[in-house]
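The values are calculated or read from the model by the stated rules, or taken from the named source; none is laboratory data. Just so we're clear, the structure is a prediction, and the values are computed from it rather than from any experiment. We place every Cβ from the backbone using ideal geometry, glycine too, and count neighbours over all the protein chains shown. Side chains included, ligands, DNA and RNA excluded: accessible areas come from the protein's heavy atoms. Shrake-Rupley method; radii C 1.70, N 1.55, O 1.52, S 1.80 Å.
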Amino acid sequence: VSDRDESYLNGKFIGKTGDFNSDKPQSYDKIRIYQIPENLLQKNKENILLLKIGAYFPDEIGITQDFASIGPSLLIEKDFYRTEYFKLILLMVYFTAGGYFLFLFIRRRKEYENLFFGLFTFCLVLYQFFRNQVKYDLNFEFLTMKKIEYMILPILIPIFYHFIRTLFKYPYHIVIKLTDASQSAIFLFFMFSSNIVLFNTITTNLVQPLWLVSLSFLIAHLIKKI
């Protein structure tokens, strides 16, 4: 639900997420699970789910992702946490792999491909962790978590490009230098700003097009090497 809500079933309050009086984003990527007293359900009759929703993004409001379902709370929560913790286990595997490559770089400082692959893996793990619903159990501020997500995006693809570049010993092209400088400037802007709406606009209109530059060079390197 984007972004905050109060939910009612058959006119009775069943739960809320977020503060309607805040001008900061609240929880637009959070999956809501609300307990419903059994006596609220009307058997063989129409049941009405009503959501009072407050928007954060100017062009996005309401149920925007996933699906709405109803069922035994124990089964719903069990399935929810099983899925999220399985994702965390996979992230731990990736994190271990990233640590291994950083260890190789420490042992062999001239092999920068190990450094870049380790950093890429750590960035990917951190980004996916903050996309995981378990983050809400850690009581981090929502805005801080989203800032970290956006800060990772400008550097993720360039780091992977440099892994390929250093692995195959390609020179550092001037176009890539300019691209890296632009992505670094965006990274710093995200670090010192708190406007998530602007972050989203910059990511769509600047960060992702700049990815195409890095990816184009990356693909060209791979084709040439093949």
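Points to keep in mind about this one:
- For the chain, the longest principal axis of the Cα atoms and the long axis of helix 73-107 meet at an angle of about 10 degrees.
- Residues listed by number, the stretch 209-226, amide nitrogen under 17 Å from Val175 label point at 7 Å toward C-beta: 209-225
- For the chain, adding -39500 (n - 2.57) for each run of n ≥ 4 DSSP H residues and dividing by the number of residues yields -19000 deg cm²/dmol at 222 nm.
- In the chain, the longest principal axis of the Cα atoms and the axis of helix 142-167 are about 30 degrees apart.
- For Phe129, neighbours were defined as the other residues whose beta-carbon sits under 11 Å from its Cβ, and their charges (Lys and Arg +1, Asp and Glu -1) total +1.
- With the cut-off at under 17 Å, measuring from each backbone N in the stretch 174-193 to a point 7 Å along the Cα-to-Cβ line of Lys224 picks out 174-179.
- On Cα atoms only, tilt of 112-129 relative to the major axis of the chain in degrees: 10
- The charge dipole of the stretch 1-106, taken about its Cα centre with unit charges on the Cβ atoms of Lys, Arg (+1), Asp and Glu (-1) only, comes to about 340 debye.
- Each peptide in 187-199, 49-61 was scored by the mean count of other Cβ atoms within 10 Å over its residues; highest first, the order is 187-199, 49-61.
- Values of log10 I(q)/I(0), in the order q = 0.13, 0.15 Å⁻¹, for the stretch 114-181 under a Debye, Cα-only, solvent-free model: -0.46, -0.57
- Prolate/oblate/rounded label for the chain (Cα gyration tensor, a/c 1.5): prolate
- Global form of the stretch 46-131, assessed from the alpha-carbon gyration tensor, a/c cut-off 1.5: oblate
- The stretch 42-83 shape via C-alpha gyration tensor axes, a/c threshold 1.5: oblate
- Two-site FRET efficiency, Asn200 against Ile76, from Cβ-Cβ distance with R₀ of 25 Å, rounded to 0.05: 0.25
- Extension gain (nm, one decimal) between Thr96 and Leu212, 0.36 nm per residue minus Cα-Cα: 38.9 nm
- Between Asp19 and Ile63, the contour length at 0.36 nm per residue exceeds the alpha carbon distance by 14.1 nm.
- Full extension of the chain between Asp137 and Met191 yields a length gain of 17.1 nm, computed as 0.36 nm times the residue separation minus the alpha carbon distance.
- Relative contact order (%) - the stretch 101-161, alpha-carbon pairs under 8 angstrom, separation at least six: 37
- Each residue of the stretch 46-52 is assigned a 3J(HN,Hα), and the resulting list reads 6, 10, 10, 9, 10, 10, 8 Hz, derived from the Karplus form 6.51 cos²θ - 1.76 cosθ + 1.60 (θ = phi - 60°), x at Gly and Pro.
- Accessible area of the stretch 93-226 belonging to carbon and sulfur atoms, whole % at 1.4 Å probe: 70
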